[in-house]
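Each reported figure results from applying straightforward, stated rules to the coordinates on display, with no laboratory input. Nothing here was measured: the structure is a model prediction, and the numbers come from that model. Because the Cβ atoms are built from the backbone with ideal geometry, glycine has one as well, and the counts that use them run over all protein chains shown.
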Amino acid sequence: MSLWEDILKLEKEQCLKIGKKFDEISWGNLNEQSQIDCINELADFLVDRMKIKKKPKIELGKLQNDYGAYLPESNKIYINKDTLAVGGTLTAVTLAHELRHAYQFQIIHEVESLKWTKLYKTNLRQRLDYFISNPNNDPVQLWKENYKKYYNDGPEYEEQPLEFDAFRYERKFLEKFFTE
Ligand SMILES: [Zn+2]
C-alpha cells in the first residue's frame, strides 16, 4: 500500500468514526448538550478540511420551514431544534450543507478582494492569485449573482447555483461519512 492510500484510508476511517456519532441509535441516546458537542466536533473537522478561515457561530433556534440556515452578514449558522429531533443524519447533513454556504461566501470575498489589487498587478499575477484562492474553479460569479437574486422556495430553489453546489456537497459528505 502506498503512503497516499494510507492517508486516504485514515481520513476515511476518521470520517466514519465521526459519522457514527450521528447514526440514529447513538444519536437518540444523547442529551441535547452531547448532541451540541457532536455538532461542534463535526463543524471543527469540516471547517479545517474545507479551509474555512473564520468558523461560523453555530446556534440552535426555531426556523419556520428550514432545517438550517447560513447568514453571511454575521457568519452564523442556525440549526433548527426540530432538525435535531428528527435525527442525527439529517442534523449532520444540514450542518455540512450550511458550512458549504460559509465556504462559498469566503471564496466570493477572496476573489472580490483580489480585484482591489488590479491596479498594480500584472494580468498573469492576477490570474495566479485567482487560482490560488480558487483552486476548484468554483463558479464565484454565478454565486455572487445568485446571492443578489436568491429564491427562498419554489421550483428554482434547488437549481440555483448556491443551492445546487451545496446539495452536491451534501451528497459527497453522505458518501464519505456514512457509507463504509
Ligand atoms: Zn442552502
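5 Å is the cut-off here: which amide hydrogens, built 1.01 Å from N in the peptide plane, fall below it relative to LEU60, excluding neighbours closer than 5 in sequence?
HN-HN under 5 Å from LEU60: ILE79.
Calculate the FRET efficiency for LYS76 and GLU24 from the Cβ-Cβ distance with a Förster distance of 25 Å, rounded to the nearest 0.05.
0.35
For a footprinting-style exposure proxy, rank THR94, THR179 by other Cβ within 10 Å, fewest first.
By the 10 Å Cβ count, ascending: THR179, THR94.
Modelled label-to-label distance, LYS54 and ARG171, 7 Å Cα→beta-carbon offset: nm?
Taking the simple label geometry, LYS54 and ARG171 are separated by 3.2 nm.
By its C-alpha gyration tensor, with a ≥ b ≥ c as the square roots of the eigenvalues, how is region 37-91 shaped: rounded for a/c under 1.5, else prolate for a/b larger than b/c, else oblate?
Oblate, since a/c reaches 1.5 and b/c is not below a/b.
For region 152-169, in order, what is each residue's ³J(HN,Hα) by Karplus, 6.51 cos²θ - 1.76 cosθ + 1.60 with θ = phi - 60°, in whole Hz (x at glycine and Pro)?
3J(HN,Hα) across region 152-169, in whole Hz: 6, 7, x, x, 7, 3, 6, 8, 5, x, 4, 7, 3, 5, 5, 5, 5, 5.
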